[in-house]
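Written below as structure tokens is the structure these notes are about.
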């Protein structure tokens, strides 16, 4: 597992806190399988998903996204374009 994947997993687990996978998935708006995959490093959240989550009403989700975006620095222009298109 790559260091960035471990970091993603740690960020998602920390954001989830005591909530179950299903509870947190419902808050985030993805499947509990996706949350598990993010936590284990099997997948990274897609940029489009992060862009959508950045507009969440949940402060916990927005905080998680801000930390998850760090490895995506090279794609920030694309993320901004997605957010502006949805605006």
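The values are calculated or read from the model by the stated rules, or taken from the named source; none is laboratory data. Just so we're clear, the structure is a prediction, and the values are computed from it rather than from any experiment. Here Cβ is always computed from backbone atoms with ideal geometry, including for glycine, and neighbour counts include all displayed protein chains.
For the range 64-77, the tally of residues that are at pLDDT 75 or above and either out of contact with any helix residue (DSSP H, G or I) (no Cβ under 7 Å at 6 or more places or on another chain) or more than 24 Å from residue 17 (Cα to Cα) (or both) stands at 1.
Could you tell me whether the range 48-57 includes any residue that is part of a loop (DSSP other than H, G, I, E, B) and farther than 23 Å from residue 81 by Cα? If you could, list the steps in order and put the result at the bottom.
Our first condition is that a residue be part of a loop (DSSP other than H, G, I, E, B); within the range 48-57, this holds for 54-57.
Narrowing further to those that are farther than 23 Å from residue 81 by Cα: none.
The answer is no; no qualifying residue exists.
Within the range 1-34, the residues that satisfy the criterion of being modelled with pLDDT of 85 or more, surrounded by fewer than 14 Cβ atoms within 10 Å (Cβ to Cβ) and not in a helix (DSSP H, G or I) are 17, 18, 20, 29, 31. With respect to (1) touching a helix residue (DSSP H, G or I) at 6+ places or on another chain (Cβ under 8 Å); (2) modelled with pLDDT of 80 or more, the lone exception for residue 46 is condition (1).
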